[in-house]
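Take a look at the structure below.
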Amino acid sequence: GAVVSQHPSWVICKSGTSVKIECRSLDFQATTMFWYRQFPKQSLMLMATSNEGSKATYEQGVEKDKFLINHASLTLSTLTVTSAHPEDSSFYICSASPGLAGDEQFFGPGTRLTVL
Amino acid sequence: DAKTTQPPSMDCAEGRAANLPCNHSTISGNEYVYWYRQIHSQGPQYIIHGLKNNETNEMASLIITEDRKSSTLILPHATLRDTAVYYCIVRGFLGAGSYQLTFGKGTKLSVIP
């Protein structure tokens, strides 16, 4: 099956700093990429949807100026958590889809962010 | 998007078939049923999907009722590695070839030795 990677797999940062998370589709071109957030013992919550070359569409309640998404190519999307605070500590997961009818989303392994 | 209802947890003996039910009574005619699972601290793994016919692959079988209001995921011979949270999702269409998955709480399947 198709492979999606994320980097880093975990990161610890100080409050107030910014953190960038990369999501790559390794063996297919991803027309659409999705970013999710998952708090402990909770389900995945969609944060935003991005199509290559266009601005991301954010879900209600997600601050677009705090969570910057760049889908610069068909194989790479980045999520930057700006001015991170402890409440941003979470498991961030991306997924990618070729975007054709009937195609499934392929998920990355996730990035564990801890903000001190 | 159509909502889904799943039991919060299930146990299954190792080697037995695990049957995970899902209700999606408000599903519309062109919406697919998808199943994913998430092993602790990993990203979700795709299992199977279907529209109206039953489907089978190397991981599982998906049985969809004729009225499409419910489905059952079957793991034919559960192993300890199948212990995970299983999500039944009705995939929503966003337009222009774009789709969205909305995750519910899923079913935590525990496979017992």
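By the Cβ distance rule (another cysteine Cβ under 4.7 Å), the unpaired cysteines of chain B are B:Cys12. Each semi-axis of the equivalent ellipsoid for region A:25-77 is √(5λ) with λ an eigenvalue of the Cα gyration tensor; in descending order they amount to 21, 14, 8 Å. Which net charge results for the neighbourhood of A:Phe91, defined as the other residues with beta-carbon distances under 13 angstrom from its beta-carbon, given Lys and Arg at +1 and Asp and Glu at -1? Local charge sum for A:Phe91: +2.
With contacts taken as Cα pairs under 8 Å at a separation of at least 6 residues, chain B carries a relative contact order of 36 percent. Size descriptor for region A:37-113, Kirkwood hydrodynamic radius: 13.4 Å (Cα pairs only, one decimal).
Annotation: cysteines of chain A without a disulfide-compatible partner (Cβ-Cβ under 4.7 angstrom) are A:Cys13. The alpha carbon radius of gyration of chain B, expressed as a multiple of 2.2 N^0.38 Å, is 1.03. Need the list of aspartates and glutamates near B:Lys69 for cross-linking: C-alpha distance under 12 angstrom, and skip anything on the same chain fewer than eight residues off. Correct list for B:Lys69: B:Glu31. Binning all Cα-Cα separations of the protein assembly as shown at 5 Å, short to long from zero, yields these whole-percent fractions: 1, 7, 14, 18, 19, 16, 12, 8, 4, 1, 0. Taking every Cα-Cα distance in region B:52-113 and sorting them into 10 Å bins starting at zero, the pair-distance distribution P(r) comes out as 18, 41, 34, 7, 1 percent. Near B:Ile39: Cβ cut-off under 10 Å, other residues only, Lys/Arg at +1 and Asp/Glu at -1. The net charge is +1.
FYI, it's all coordinate maths here, none of it is from the lab. This is a predicted model, so every value here is computed, not measured. Virtual Cβ from ideal backbone geometry, glycine too; neighbours counted across all protein chains shown.
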